[in-house]
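Just below is one structure, and these are the notes that go with it.
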Amino acid sequence: MDGPVHIAITRRVCAERAGEFEAALRDFVARSMTAPGTSGVHMLFPPPGSTEYGVLRSFASSGERDTFYQSAMYKDWLKEIAPLVEGKPQFRELSGLEAWFRDPHASPPPRWKMALLTWLAVWPVSMLVPAVLVPLLVGKLHSALVAGLVAAGIVFILTWVAMPLLVKITHGWLHPSTSQNP
């Protein structure tokens, strides 16, 4: 059995059709969230002067990924946006730490930077969450359930708070070549 799969897809959009593409993308993302095995979708909008849009899509497994990209829903989406885009989509499978540090305009930072930043996030979160939850839950729930809730709390904070914040704050350090460009 394999684990979660993250796919980064980038598309160049015809500049004069960007508004139509954004509306179609929002609609498709909302509809596609019901696809079996889909565990998340993030839309990446281009900076001023660019027409490269991105989608970071997560699946429960490679089988779920394959099923999604062979589905009628996805094939219909490709037909719908064909007049709005230029060229073929670029697919890139992200694994491990690289998924956190994706920058569509730069290569991933060195693994040591990704590991150091992840450690800086995990260290305080792994102390804070148990300090808050354990006193509230011990004696009320089985210890295995308490441990599971603590782990869930750590993952939640890392996924939606700590890592996005740290990656944003340290973007210049992680991607120095893109930070120097205007």
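Each value in this text was obtained by applying a stated rule to the coordinates, not by laboratory testing. Keep in mind it's a predicted model, so treat the numbers as computed, not measured. Cβ placement follows ideal geometry from the backbone for every residue including glycine, while neighbour counts extend to all protein chains displayed.
Can you report the principal axis dimensions of segment 5-94 using only the alpha carbons, biggest first, rounded to whole angstrom?
Sorted from largest, the Cα extents of segment 5-94 read 36, 24, 21 Å.
When the Kirkwood radius is taken over all Cα pairs of segment 108-182, what Stokes-Einstein diffusion coefficient follows at 25 °C and 0.890 mPa s, in µm²/s?
My calculation gives 175 µm²/s for D.
Which residue, chosen from A162, F28, S58, occupies the Cα position most advanced towards the positive end of the dipole of the chain, where the dipole is computed from +1 (Lys, Arg) and -1 (Asp, Glu) charges on Cβ about the Cα centre?
Among A162, F28, S58, the one farthest towards the positive end of the dipole of the chain is A162.
If I build a Gaussian network model for the chain, linking alpha-carbon pairs within less than 10 angstrom, which residue out of M43, M114, M127 has the largest mean-square fluctuation?
In this elastic network of the chain, the residue with the biggest mean-square fluctuation among M43, M114, M127 is M127.
Return the single residue from A35, A121, A131 with maximal mean-square fluctuation; model: Gaussian network over the chain, springs between Cα atoms under 10 Å.
A131
Could you list the square roots of 5 times each eigenvalue of the Cα gyration tensor of the chain, that is, the equivalent ellipsoid semi-axes, sorted largest first and rounded to whole Å?
34, 23, 14
If the only charges are +1 at each Lys and Arg Cβ and -1 at each Asp and Glu Cβ, what is the size of the charge dipole of the chain around the Cα centre, to the nearest 20 debye?
Computed charge dipole of the chain: roughly 260 debye.
Quick one: among S50, S32, S143, which has the greatest mean-square fluctuation in a GNM of the chain with alpha-carbon springs under 10 angstrom?
S143
Taking a label point 7 Å from the Cα of K168 along the Cα→Cβ vector, which residues of segment 10-41 have an amide N closer than 19 Å to it?
41
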